[in-house]
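Since the structure comes first, as structure tokens, the remarks are kept for the end.
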There are 2 protein chains.
Amino acid sequence: MNCIIAQSGGPTSVINASVYGLVKENERLKIYDNVYGGLNGIQGILEKKIINLSKMSSEQLEIFKNSPSSGLGSCRYKLKNYIENKEEYLKLIEILVSLDIKAFFYVGGNDSMDTTAKLSAFAKEKNIDIKFIGIPKTIDNDLMHTDHTPGFGSAAKFIATSILETYLDSKVYRDNGIFIIETMGRDTGWLAAAGALATLHGKPCADLVYLPEKTFNMVEFLEDVHRIYKEKNHVYIVASEGLRNEDGKFLAESSISTGHDNFGHSQLGGVGQYLKNLIIQSGITKRVKALELSVLQRCAMHCASKIDIEEAIMVGKFALEISIKDSSSGHMVAINRDCTELYSSSPFLIEAKKVANNIKHFPKEWINEKGNNITEEAINYLKPLIDYNYDLLPLYTSFAL
Amino acid sequence: MNCIIAQSGGPTSVINASVYGLVKENERLKIYDNVYGGLNGIQGILEKKIINLSKMSSEQLEIFKNSPSSGLGSCRYKLKNYIENKEEYLKLIEILVSLDIKAFFYVGGNDSMDTTAKLSAFAKEKNIDIKFIGIPKTIDNDLMHTDHTPGFGSAAKFIATSILETYLDSKVYRDNGIFIIETMGRDTGWLAAAGALATLHGKPCADLVYLPEKTFNMVEFLEDVHRIYKEKNHVYIVASEGLRNEDGKFLAESSISTGHDNFGHSQLGGVGQYLKNLIIQSGITKRVKALELSVLQRCAMHCASKIDIEEAIMVGKFALEISIKDSSSGHMVAINRDCTELYSSSPFLIEAKKVANNIKHFPKEWINEKGNNITEEAINYLKPLIDYNYDLLPLYTSFAL
């Protein structure tokens with residue numbers, strides 16, 4: 001009796017920690033003879049690209065836990081409905097049955113939960129004795145019904161750390177300009193919001209934080225930037241890549257139409273670049289820098305959040321444990337926040353179909369009235385998810401002998 | 001009897017560690033009553049923006065040591081010759097004398113060493129009893145007569161770490177594209193070369209590494225990229241921002257002429273963006289990502305090299321110690337590599353004017369014949385400067401049950 005685990009969608013720093021947790025827990029509980037690993041998600045399993053994770057040494061497993069990015073490979077493959085895609089369903093089941101697999105674990109986001117729900121429903125209908133269980137991961141933190149997702153905390157920690165460090169870097173001269181940092185988050189503002197966690201002596205580094213949940217208002221933006229620049233001779237701005245204007249268009253997209261590279265291709269400059277141009281054009285100052293954190297934020301394992309790693313392991317372990325229960329198929333492991341002050345959490349099950357094809361937006365009530373920062377309540381939610389404790393002391397602000 | 005220290009030029013992660021070393025050593029040796037800190041370099045000292053570092057608590061000093069970026073503020077101020085600028089020289093000396101300052105320490109790159117040499121020569125000529133001593137810093141590693149510069153090791157470590165992590169991130173799918181990472185280094189290739197330090201199971205992550213010391217050849221570049229892409233379905237490229245074509249023009253500059261943003265401004269896309277466009281245009285693949293590490297590489301203190309921090313402290317301490325010797329004025333503290341295998345180093349003095357207005361290029365003999373990577377000898381030079389020990393294990397390369 002065996003089980004299999006595979007990864008899907010975009011990588012995170014701690015996605016392998018969930019695989020580690022599941023394999024380790026099986027070593028302890030000995031539920032399955034072997035934990036197999038499917039390479040490149042469903043796509044690879046359909047081609048029988050499968051390895052035996054139970055043959056890994058303890059040392060290999062520890063190293064694997066600390067390796068960022070989907071160590072089993074990933075895919076961007078969305079399973080169609082059974083009616084449209086009968087052959088694939090049957091082929092997959094055939095492969096799983098031939099390996100005596102009783103449980104299939106899929107580590108992924110909402111597309112993967114859609115696959116989990118579909119396969120589970122199919123197995124139940126056809127009386128196939130295989131359970132399909134989802135394990136959450138996404139740096140975007142956009143899955144419904146879970147307090148947060150493994151992967152988010154580490155991305156948030158890297159963002160906050162980089163903001164503190166670049167904030168200091170952007171302030172060393174007498175005449176400092178404007179610094180813009182662009183985070184991921186095409187649909188939701190969770191990652192950009194994490195930028196508000198960077199503080200120096202208790203004060204936030206970022207003056208302005210913009211999330212996609214609030215329509216971007218160019219006039220108000222320039223007013224705010226101008227006011228702060230006049231006051232402090234420095235502005236630090238955090239912007240999500242997903243910012244949209246009143247027409248619902250991505251800001252980054254709106255520059256495509258006229259921006260062309262030297263080969264005549266239109267070029268997507270990114271939100272940071274867009275805002276930089278906007279500020280320069282407005283005449284506030286020409287000293288504007290824009291930095292795109294890009295994929296660094298989803299793979300900077302060297303800066304991972306300890307709690308995030310622990311919870312990624314926890315959801316993997318829990319998935320293994322509950323897979324002996326009949327009722328677990330078609331469910332995803334979710335995280336409940338038991339306590340925020342002395343932070344603690346525990347896993348529970350939620351129907352995968354309730355998570356699939358849904359997006360958990362950053363709550364509008366956690367965005368301030370002006371729409372240019374987040375509230376204290378949001379900070380309290382975010383803070384425990386990163387073990388961010390970075391006490392720094394630049395001296396250039398004081399000058400008295 | 002007092003001394004003063006100030007910082008100049010671009011920040012690094014460990015520039016404050018040199019100030020820390022100097023203050024700590026003075027606590028031990030009690031050479032000066034007070035170590036003053038000049039804010040924003042010479043520029044701030046001329047405005048009497050000076051603080052007393054000897055009043056900092058031990059705890060504050062430790063935090064200061066761990067703070068990236070010039071904690072005393074910086075300036076981009078190049079002192080003119082005495083003849084053109086008599087008043088400024090006299091004003092500076094007047095301020096220093098009024099504070100009973102006997103030694104002036106300037107932490108910076110080759111411009112700062114030019115300032116150090118000029119002020120020292122002036123003081124000697126006028127029989128003023130103040131010594132001017134340089135302390136090296138620059139992530140670029142481009143100062144002559146020192147084995148390397150404090151600041152470089154930490155930047156190199158962040159670059160190597162980010163390359164390993166983004167390498168893993170860029171390989172998770174079945175069809176992987178081409179990844180380009182752009183490092184700083186407008187004149188020299190030291191930082192890009194550090195990219196070759198990123199290895200996985202002993203093999204380098206980067207397929208191609210391009211330095212400004214070698215003229216960029218577009219045809220050979222595309223040939224190499226095409227060959228490797230066909231072979232591995234993936235190419236990882238490290239490129240210095242300072243790459244130039246046969247006409248001696250920066251690649252990034254050559255795209256200015258036709259690239260315009262949506263405000264009609266010409267836009268400097270960066271080398272990464274330029275190479276990305278080149279590959280797409282060549283038809284090799286459209287799946288190309290370019291990442292610019294930008295200022296992150298000079299302020300990522302959370303990923304600093306231990307040896308770099310230690311050596312930054314060492315040069316600060318040594319500067320303090322030798323400042324009691326008359327002959328020390330007009331010199332910079334340099335680093336000698338005593339042993340590469342069991343790495344050890346020691347400080348020594350070099351005339352500041354020999355460092356000023358000079359650039360130490362990456363040796364041509366350390367670039368391979370094809371000009372697309374560095375040699376083993378270069379790796380051996382670079383390796384000890386970062387305490388990079390990152391053992392990772394992705395599994396997607398193997399598939400056997």
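The values are calculated or read from the model by the stated rules, or taken from the named source; none is laboratory data. Only a predicted model underlies this, so the values are computations on that prediction, with no experimental measurement involved. In this analysis, Cβ positions are derived from the backbone assuming ideal geometry, glycine residues included, and neighbour counts consider all displayed protein chains.
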B:S329 in contact (Cβ under 8 Å) with a residue 40 or more places away in the chain, closer than 25 Å to B:A121 by Cβ and crowded, with 21+ Cβ neighbours inside 10 Å:
yes
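Could you pull out the residue among A:I63, A:I31, A:I50 that is more than 14 Å from every other protein chain (Cβ to nearest Cβ) and among the β-branched types (V, I, T)?
On the way: A:I63 fails: more than 14 Å from every other protein chain (Cβ to nearest Cβ); A:I50 fails: more than 14 Å from every other protein chain (Cβ to nearest Cβ).
So the residue among A:I63, A:I31, A:I50 that is more than 14 Å from every other protein chain (Cβ to nearest Cβ) and among the β-branched types (V, I, T) is A:I31.
Going through B:Y32, B:Y77 one at a time, which residue ends up being aromatic (F, W, Y), farther than 27 Å from A:Y167 by Cβ and in contact with a helix residue (DSSP H, G or I) (Cβ under 9 Å, 6 or more places away or on another chain)?
It is B:Y32.
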Which of the residues that make up the range A:138-196 are among the basic types (K, R) and either outside any loop (DSSP other than H, G, I, E, B) or outside the structural domain of A:A239 (by the TED database) (or both)?
A:K157
Would the range B:112-125 turn up any residue that is in contact with a helix residue (DSSP H, G or I) (Cβ under 7 Å, 6 or more places away or on another chain), more than 30 Å from A:R298 (Cα to Cα), surrounded by 24 or more Cβ atoms within 10 Å (Cβ to Cβ) and not polar (S, T, N, Q)?
yes
Residue that is modelled with the lowest pLDDT [pool: residues in the range A:241-267 that are at the interface with another protein chain (Cβ under 10 Å from one of its Cβ atoms) and out of contact with any Asp or Glu (no Cβ under 9 Å at 6 or more places or on another chain)]:
A:S257
Given (1) aliphatic (A, V, I, L, M); (2) in contact (Cβ under 8 Å) with a residue 40 or more places away in the chain; (3) under 17 Å from B:T116 (Cβ atoms), B:L61 misses just (3)
Please give the number of the condition B:P384 fails out of (1) part of a loop (DSSP other than H, G, I, E, B); (2) at pLDDT below 95; (3) away from chain A (no Cβ under 14 Å).
(1)
Write out, first by first residue and then by second, each pair whose Cβ atoms fall under 7 Å of each other, whose residues are 6+ apart or on separate chains, and whose first residue, in the range B:175-187, is on the phi > 0 side of the Ramachandran plot while the second is assigned to a loop (DSSP other than H, G, I, E, B) and not hydrophobic (A, V, I, L, M, F, W, C).
B:G185/B:D140; B:G185/B:P212; B:G185/B:E241; B:G185/B:G242
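Evaluate the following for A:V295: is it over 16 Å from the mean Cα position of the chain (by Cα), β-branched (V, I, T) and within 30 Å of B:V295 (Cβ to Cβ)? Before you say what the answer is, go through the steps one by one.
Values: over 16 Å from the mean Cα position of the chain (by Cα): no; β-branched (V, I, T): yes; within 30 Å of B:V295 (Cβ to Cβ): yes.
Here the answer is no, as A:V295 does not meet what is asked.
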Within the range B:268-287, work out how many residues are more than 11 Å from chain A (Cβ to nearest Cβ) and buried (at least 21 other Cβ atoms within 10 Å of the Cβ).
2
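Take B:I15 and decide whether it is touching a strand residue (DSSP E or B) at 6+ places or on another chain (Cβ under 8 Å), aliphatic (A, V, I, L, M) and farther than 25 Å from B:A121 by Cβ.
Values: touching a strand residue (DSSP E or B) at 6+ places or on another chain (Cβ under 8 Å): yes; aliphatic (A, V, I, L, M): yes; farther than 25 Å from B:A121 by Cβ: yes.
Judged against the criteria, B:I15 is a match.
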Sole exception among (1) closer than 22 Å to A:V172 by Cβ; (2) within 14 Å of chain A (Cβ to nearest Cβ) for B:I101, by number
(1)
Take the range A:162-216 and flag every residue that is buried (at least 23 other Cβ atoms within 10 Å of the Cβ), within 14 Å of another protein chain (Cβ to nearest Cβ) and aromatic (F, W, Y).
A:Y167, A:F179
Among the residues of the range B:188-200, count how many are without any contact (Cβ under 8 Å) to a residue 60 or more places away in the chain and either out of contact with any Cys (no Cβ under 7 Å at 6 or more places or on another chain) or basic (K, R) (or both).
2
The one condition B:R174 fails out of (1) under 26 Å from B:S327 (Cβ atoms); (2) in contact with a helix residue (DSSP H, G or I) (Cβ under 7 Å, 6 or more places away or on another chain) is (1)
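Would you point out the residue of the range A:207-239, among those that are part of a strand (DSSP E or B) and of a type in the set (S, T, Y), that is nearest to A:K370 (Cα to Cα)? I'd like the intermediate steps shown before the answer.
So the first thing to find is which residues in the range A:207-239 are part of a strand (DSSP E or B), and the list is A:208-210, A:235-239.
Within this subset, residues satisfying the condition of being of a type in the set (S, T, Y) are A:210, A:236.
Numbers: A:Y210: 10, A:Y236: 17 Å.
Looking at residues that are part of a strand (DSSP E or B) and of a type in the set (S, T, Y), I get A:Y210.
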